[in-house]
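Student: Dropping a structure here in structure tokens format, bear with me for questions.
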Amino acid sequence: MTEERRSLGGWAGWPTLLLALLIMAAALWLVVGGGRLIQLGGSPYYLIAGSALAVVAALLARRRRAAVWLCVAVVAATAAWAFAEVGMLRWGLMARLAGPLVLLALLLFVAPGLRAERHEPTASPLAFRLGGLVSLAAVLAMMFAPVREPAAAARPAARAATAASGDWPSYGGDAGGQRYSALAQIDAANVAGLEPAWTFRTGGLDTLGANSRVTATPIKIGNSLYVCTPLNVVIAVDATTGEERWRFDPQVDASTTFSIVCRGVSYYRDAAAIGPCAERILFGTLDARLFALDAQTGQRCADFGDRGAVNLLPGINDRRDGYYYVTSPPAVVGNAAIIGGYIIDNQRVLAPRGVVRAFDTRSGALLWAWDAGRPDGAPLAPGEMYSEGNPNAWAVFAADPALGLVYVPTGNSSPDFYGALRTPAAEKFSTSIVALDAASGRLRWSFQAVHHDLWDYDMPAQPTLIDLPGPGGTVPALLAPAKTGEIFLLDRRSGRPIAPVTERPAPQGSVPGERLSPTQPVSALPSFAPPKLREADMWGATPLDMLACRLRFRSARYEGGYTPVTERETIMTPGTFGAINWGGVSVDPVRGLMIVNSSTMPFVGRLVPRAEADARGAAPYGETPRVKPPAGVRPPMALEGTPYGLELMPFLSPIYFPCQAPPWGMLTAVDLRSRTRLWERPFGTTKGLAPFGLALPVGIFNLGGSVTTAGGVTFIGAATDGYFRAFDTASGRELWRHALPAGGQATPMTYRGRDGRQYVAIFAGGHGSLRTKRGDHLVAFALPRTGAPE
């Protein structure tokens, strides 16, 4: 054996052959998939690159160094194509170049053991291996280059904190849901010193089940925080020390409940009463009851309903089957506790009735009911049911006691994705903001955000009430965030748009019997709706799964936003999680800024013909299917009573990476005076989702809301990476972050403690749908005592 052949036996042995086989396998997929992509009208890159890589694999199998030089050419051509497709977009370049650069690095490492080509320039083994290290360094630079933080911005003088009591008396801070505090002890200059002051464990973690969501925001009255667990256990905690004062367990029957969640509780004070239950905590439950507790002791208020509870099922459902329950705290206006309810989506046409009701906060007596199908508001006869097909109202309500109005965000009637059987009331009031007279329940006005909603685009968030300066004086306004990413600015007295709303043409063409709205409303405020997808927007961990996403994109029906789901697989942008969800927005009224956290998560859906759906085991929630689906196979959603079932899932690659390029989460400030974006930044990292614990600052999916303060700081958890963050409200600069013990998919709140310190609290417990870390931790942060002036 010659010396040259002996030298080839090391690097050019079986590892090199294995590498050649792997390259050939990838090349074959690129050739076959790339050919199909060309047939669908897509990019020719994959067929060309696959063909070249097949030659690389063949040369490598023959131990020829020409494989390396050809790979260099492939990487150079790939770089040119990548820059042409996505320009300087960091994550788009990474998805296209990281895989080829890693491959080139491997080939450069093995190059010294390959047979040199005639007329090849002389290069030492060290030079090849340095080239490999440079290739890997380029990949690492794309992945881990730090995000450049904006410079600190000038901040206007904050409103005096003396105007604030230091409490947080409602879910959104006040009845109007601004999520703003006039406390300013914590500011942009000192927030970096924030540290945990106390942590309270609520317990009961083992009883929650896989589909629980810890999303509650505590309220603070006096020196007590009041919070609910997902199973409606209400706990009073000392706001300064974190010690438990009392707890009440309603012993809910959640055995049939689809999702285990409680967003919060409400507070009522009877100024004319003294003694027990003069102050009350009100909340709804997963088994459809409304409770009133003594805020001081946690005991039931015996004069409220039946020993402290009202059954919410009469007129709604004839049985407790888990299809109707309450997840949001009631709105309290005067002596009325006004409450809606959640109805499970996409199961059957004959769902529980959607209705908004008001109950006397002292006696529990029904004061009024707004039944969209009964505009006369006549009370029900004994045993009578509310109207079929009404939209539900599961999100948090807002209220303006001075105007005597409550603002109700509605969903759409079941099932979400087939609307041919909807009632006139559902057509008029679904996916809307409905303003009701808080004293009588009479309709004052309504504004529809999506016409004939076929995408589960419920109005998900509490409306936010603000006062805008106008030429004729202050205008009472309302911000209505929608899942679509639109935010509508309305006069809250009349529902008239303040920021113009235009009707834009929407895609047409649906299944037989269905109808579509020819237009959909668009707000003149900055939109958070995702831009129309292109093939170049497809993403993946490697070019291989990116190709799979491109093939699926080209094969599916997609005409931009509001593309109706049909029997052909259809892409939805945004998906059912929405661009904005129940976290809503927060507003700093002094700075005139609205803070919006948004997400991008497209879905793919398909209407499955009834016979096929039934044969695959489709059945309404809680019912036994006629045909048992195979193990591990998820049947379509039932949509019982329609000609179809429904397949619906996130738009992911075969290895479960998002098919749309990042950023997947953004944090934005909108100047409400100029109605323009002031700043915008990716929000969150891949920590907890990416392999090997990678925390890439791509901007990540988020659920939850933000809080702004007079100190010029915005606090938010929400992102799936488990961090609680503080941002400079004026500039968007990240000032502080803290790793929470569990997922922070809840909206924080802030208050003043008995010791004079300002606290910021968040309930960290995780979210089943987002698969964030589970926990039961109510965590309060404050500045060290030496840094917190009294």
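The values are calculated or read from the model by the stated rules, or taken from the named source; none is laboratory data. All figures in this text were calculated on a predicted structure; none of them were measured in a lab. Cβ: placed from backbone, ideal geometry, glycine included. Neighbour counts: every protein chain shown. When the accessible area is computed, the model is the full protein with side chains, heavy atoms only, and any ligands, DNA or RNA have been set aside. Shrake-Rupley method; radii C 1.70, N 1.55, O 1.52, S 1.80 Å.
Student: So what are the ³J(HN,Hα) numbers for the stretch 594-608, from phi and the Karplus equation (6.51, -1.76, 1.60; θ = phi - 60°), rounded to whole Hz, Gly and Pro as x?
Tutor: Result, ordered by residue: 10, 9, 10, 9, 10, 9, 10, 9, x, 10, 10, x, 8, 7, 9 Hz.
Student: Taking the mean number of other Cβ atoms within 10 Å as a proxy for protection, how do you rank 768-781, 296-309, 335-348 from highest to lowest?
Tutor: Answer by packing, highest mean first, reads 335-348, 768-781, 296-309.
Student: Something else now. Keeping all protein chains in place and using 1.4 angstrom, which order do ARG725, ARG515, ARG362 fall into by accessible surface area, from largest down?
Tutor: Solvent-accessible surface, decreasing: ARG515, ARG362, ARG725.
Student: What is the dipole size for the stretch 246-397, taken about its Cα centre, with +1 at each Lys and Arg Cβ and -1 at each Asp and Glu Cβ, in debye to the nearest 20?
Tutor: 220
Student: Starting from the Cα of SER255, step 7 Å along the direction of its Cβ; do the same at GLU195; then give the gap between the two resulting points in nm.
Tutor: Result: 4.9 nm between the two label points.
Student: Can you compute 3J(HN,Hα) from phi for each residue in the stretch 375-386, using the Karplus curve 6.51 cos²θ - 1.76 cosθ + 1.60 with θ = phi - 60°, rounded to whole Hz and x for Gly and Pro?
Tutor: Karplus values, whole Hz, x for Gly and Pro: x, 6, x, 5, x, 6, 6, x, x, 6, 10, 5.
Student: Could you state the angle between the C-alpha long axis of helix 543-555 and the longest principal axis of the C-alpha atoms of the chain, as a value from 0 to 90 degrees rounded to the nearest 10?
Tutor: Helix 543-555 and the main axis of the chain meet at about 60 degrees.
Student: Ordering GLU120, GLU640, GLU486 by how much accessible area each has at a 1.4 Å probe, largest first, what is the list?
Tutor: Sorted by accessible area, descending: GLU640, GLU120, GLU486.
Student: What are the semi-axes of the equivalent ellipsoid of the stretch 1-151, taken as the square roots of 5 times the eigenvalues of the Cα gyration tensor, listed largest first and rounded to whole Å?
Tutor: Those come to 29, 21, 12 Å.
Student: Sticking with this structure for a sec: Sticking with the crude label model, points 7 Å out along Cα→Cβ, report the distance from ASP238 to VAL633 in nm, one decimal please.
Tutor: Rounded to a tenth, the inter-label distance reads 5.9 nm.
Student: Of all the Cα-Cα pairs you can form in the stretch 457-515, what percent are over 18 Å apart?
Tutor: Summing the P(r) tail past 18 Å for the stretch 457-515 gives 49 percent.
Student: With every protein chain present, what accessible area does PHE577 have (1.4 Å probe, heavy atoms only), rounded to the nearest 10 Å²?
Tutor: Looks like 60 Å² after rounding.
Student: If amide H atoms are built 1.01 Å from N in the plane of the peptide, which residues on other chains or at least 5 residues away come under 5 Å of the amide H of GLY389?
Tutor: ALA351, GLY354
Student: Divide by every residue of the chain the summed helix terms, -39500 (n - 2.57) for each DSSP H run of at least 4, and state the resulting mean residue ellipticity at 222 nm, rounded to the nearest 500 deg cm²/dmol.
Tutor: So the calculated ellipticity at 222 nm is -5500 deg cm²/dmol.
Student: Angle, helix 14-39 long axis vs. longest principal axis of the chain, Cα atoms, 0 to 90°, nearest 10?
Tutor: Helix 14-39 sits roughly 60 degrees off the main axis of the chain.
Student: Moving on to the next point. Let me spell out the model: positive unit charges on the Cβ of Lys and Arg, negative unit charges on the Cβ of Asp and Glu, origin at the Cα centre of the chain. What dipole size does that give, in debye rounded to 20?
Tutor: 2040
Student: If r is the Cβ-Cβ distance from ARG118 to GLU567 and R0 is 45 Å, what FRET efficiency results, to the nearest 0.05?
Tutor: 0.15
Student: A further question on this structure: For helix 45-61, report the angle its Cα long axis makes with the longest principal axis of the Cα atoms of the chain; keep it between 0 and 90° and round to the nearest 10°.
Tutor: Its long axis makes an angle of about 50 degrees.
Student: Which one, PRO415, GLY765, VAL191, projects farthest toward the positive side of the charge dipole computed for the chain from Cβ point charges (K/R +1, D/E -1)?
Tutor: Positive-end residue among those listed: VAL191.
Student: What number, in nm² with one decimal, is the all-direction average of the projected area of the convex hull of the alpha-carbon atoms of the stretch 651-706?
Tutor: If you wrap the Cα atoms of the stretch 651-706 in a convex hull and average its projections, you get 5.0 nm².
Student: Compute the separation of the alpha-carbon centres of the stretch 568-584 and the stretch 353-368 and state it in Å as a whole number.
Tutor: Value for the Cα centre distance between the two parts: 32 Å.
Student: Return the whole-Å distance between the Cα centroid of the stretch 676-699 and the Cα centroid of the stretch 73-143.
Tutor: Using only Cα atoms to place each centre, the spacing works out to 26 Å.
Student: Could you report the accessible area of LEU103 in Å², rounded to 10, computed with a 1.4 Å probe on the protein chains as they sit in the structure?
Tutor: 30
Student: Moving on to the next point. Calculate the tail of P(r) for the chain: the fraction of all Cα-Cα distances greater than 44 Å, expressed in %.
Tutor: Considering the chain, 31 percent of its Cα-Cα pairs are separated by more than 44 Å.
Student: For SER181, enumerate residues with amide H under 5 Å from its amide H, sequence gap 5+ or separate chain, H modeled in the peptide plane.
Tutor: Here the answer is THR708, THR709, ALA710, since their amide H atoms fall under 5 Å of that of SER181.
Student: Any idea what the dipole of the stretch 65-121 comes to, in debye rounded to 20, about its Cα centre with Lys/Arg Cβ at +1 and Asp/Glu Cβ at -1?
Tutor: 80
Student: Next up: With θ taken as phi - 60° and the coefficients 6.51, -1.76 and 1.60, list the Karplus ³J(HN,Hα) couplings across the stretch 509-526 in order, rounded to whole Hz; mark glycine and proline as x.
Tutor: x, 9, 7, x, x, 7, 10, 10, 6, x, 9, 9, x, 10, 8, 7, 5, x
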